[in-house]
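**Student:** Input: one structure, supplied below.
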Amino acid sequence: MSLELFEGKSIVRKVRLKKDKNDFENAMKKFGFKTEVDLVSFCVAIALYEKFSKKIEINENPKLMKMASMYSFKKADLYDLIIYIYLNKESARVEKFEEYFYYGFKILRDWLNDYGVDFTTKIETVCGFFNDFYQKKAQ
């Protein structure tokens, strides 16, 4: 297979709206992510888990802005293949990636606003998130 990575797109984007930016920065601090790209990857993974565990369709229309070059996104090839193979997207893969990022970001943002304020350390935040996230899936 010789697909061009994300159809040759050169950038990875993040949230643009002021409230979302503040929530994005809060998530970076609370979860201890070192780079914005890591948080974006984490959000996409959350959304992919939701998609395949709940069998739901994810359609978002996020307002995004440039974050980093695709070159700095070390997992780009992995996510490109996941979207191509498992979501059957031959084109507009970067747009689908961005939809999943924003969907996962909203899950993370809502959890931080509802429960994350109670946690003071990064490890408590991460463990608390996964406890709550998986408990909701088990119910």
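Any read-out appearing in this document is the output of simple, stated calculations on the displayed coordinates, not a laboratory observation. On a predicted model such as this, the values are computed, not experimentally measured, just so you know. When we count neighbours, we look across all protein chains shown, and the Cβ atoms used for this are built from the backbone with ideal geometry, even at glycine.
**Student:** Where in the chain lies the longest segment free of trypsin sites (Lys or Arg not before Pro) that are both loop residues by DSSP (not H, G, I, E, B) and have at most 15 other Cβ atoms within 10 Å?
**Tutor:** It runs 76-139.
**Student:** Between Ala27, Gln135, Tyr103, whose Cα lies farthest towards the positive end of the dipole of the chain when Lys and Arg beta carbons carry +1 and Asp and Glu beta carbons carry -1, centred on the Cα centre?
**Tutor:** Ala27
**Student:** Moving to a separate point now. Which lysines does Lys74 reach when only Cα atoms under 19 Å apart count, and residues fewer than 8 places away in its own chain are ignored?
**Tutor:** Within the straight-line cut-off, Lys74 pairs with Lys9, Lys14, Lys34, Lys66, Lys96.
**Student:** Follow-up. Give a quick list of GluC sites (Glu not before Pro) in the stretch 63-109 that DSSP marks as loop, anything other than H, G, I, E or B, with at most 12 other Cβ atoms within 10 Å.
**Tutor:** On the way: sites: Glu90, Glu95, Glu98, Glu99; in loops: Glu90.
Passing both the DSSP loop test and the Cβ count: Glu90.
**Student:** Let me ask you something else. Extension gain Tyr115-Asp132, at 0.36 nm per residue separation less the Cα-Cα distance, in nm?
**Tutor:** Working: separation 17, 0.36 × 17 = 6.12 nm, distance 0.91 nm.
Taking 0.36 nm per residue and subtracting the Cα distance, the gain is 5.2 nm.
**Student:** Could you compute the longest span of the chain free of chymotrypsin sites (Phe, Trp or Tyr not before Pro) located in DSSP loops and having at most 15 other Cβ atoms within 10 Å, not counting the site residues?
**Tutor:** Working: sites that count: Tyr86, Tyr115.
Looking at the chain, 1-85 is the longest stretch - no exposed chymotrypsin sites (Phe, Trp or Tyr not before Pro) with at most 15 other Cβ atoms within 10 Å.
**Student:** On to the next question. Cα-based Rg of the stretch 15-71 per 2.2 N^0.38 Å, rounded to two decimals?
**Tutor:** Expressed relative to 2.2 N^0.38 Å, the Cα Rg reads 1.23.
**Student:** By how many degrees, 0 to 90 and rounded to 10, does the Cα axis of helix 93-114 deviate from the longest principal axis of the chain?
**Tutor:** For 93-114 against the chain, the angle is about 0 degrees.
**Student:** On a 0 to 90 degree scale, rounded to 10, what angle separates helix 18-31 from the longest Cα axis of the chain?
**Tutor:** 70 degrees
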